[in-house]
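Each reported figure results from applying straightforward, stated rules to the coordinates on display, with no laboratory input. Remember, it's a predicted structure, so these values are computed and weren't measured experimentally. Neighbour counts are summed over all protein chains in view; Cβ atoms, including those assigned to glycine, are modelled from backbone coordinates with ideal geometry.
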């Protein structure tokens with residue numbers, strides 16, 4: 001392998017519970033009910049706002065409505081994050097892995113379903129620019145299909161000037177794993193708690209499963 005592409009939410013940043021808290025409120029306002037655990041796992045996690053809001057409303061949204069709904073949701077998410085305090089940080093093992101990649105001159109970037117408006121927020125809160133070329137972070141901007149389509153990972157490989165087959169991807173969500181597999185990524189690492197490993201390993205395309213980023217074996221992969 002020659003390069004590494006991170007998903008952000010659920011991989012570099014363990015914030016899925018914060019997104020879920022906001023989406024529970026948003027979904028109840030739209031549908032009158034709270035999404036099930038299966039809906040969160042199979043539909044909400046890993047998808048961009050367009051996919052999630054169109055699922056909740058059951059229709060294709062006009063750009064202006066989608067932008068309004070997405071902005072309201074992301075501002076609520078950001079407010080909740082600010083209240084979280086010191087626990088809102090890069091995940092365990094992240095800085096060590098990033099330092100290792102940098103020392104070995106292994107190219108890496110992020111491909112995320114988060115909208116562009118959150119990238120600046122993540123940088124403010126997590127100092128991403130210390131580790132990443134902010135211009136190379138690939139996110140949903142309305143010009144590419146969101147996960148599980150392969151577009152984000154195809155673009156990320158292009159940004160790294162690599163073929164997808166030469167890239168490693170680290171993903172936590174089914175939709176993200178499906179996107180990486182569809183893009184032809186050479187090695188897909190699924191990350192999650194121990195009790196999810198058996199399920200993650202069975203997902204098509206998964207090469208290995210880990211619990212935290214400190215388990216990524218750079219010497220073996222590269």
_Would you confirm whether or not the stretch 153-160 contains a residue that is surrounded by 20 or more Cβ atoms within 10 Å (Cβ to Cβ), touching a helix residue (DSSP H, G or I) at 6+ places or on another chain (Cβ under 9 Å), under 25 Å from residue 52 (Cα atoms) and free of Cβ contacts under 8 Å to residues at least 24 places away in the same chain?_
no
*Taking the stretch 162-200, which residues are in a strand (DSSP E or B), farther than 19 Å from residue 48 by Cβ and in contact (Cβ under 8 Å) with a residue 60 or more places away in the chain?*
167, 168, 187, 191
*Look at residue 21 and say whether it is closer than 25 Å to residue 211 by Cβ and either without any contact (Cβ under 8 Å) to a residue 12 or more places away in the chain or more than 20 Å from the chain's Cα centre (by Cα) (or both).*
no
*Scan the stretch 81-94 for residues that are crowded, with 16+ Cβ neighbours inside 10 Å and either touching a strand residue (DSSP E or B) at 6+ places or on another chain (Cβ under 6 Å) or in a helix (DSSP H, G or I) (or both) and jot them down.*
81, 94
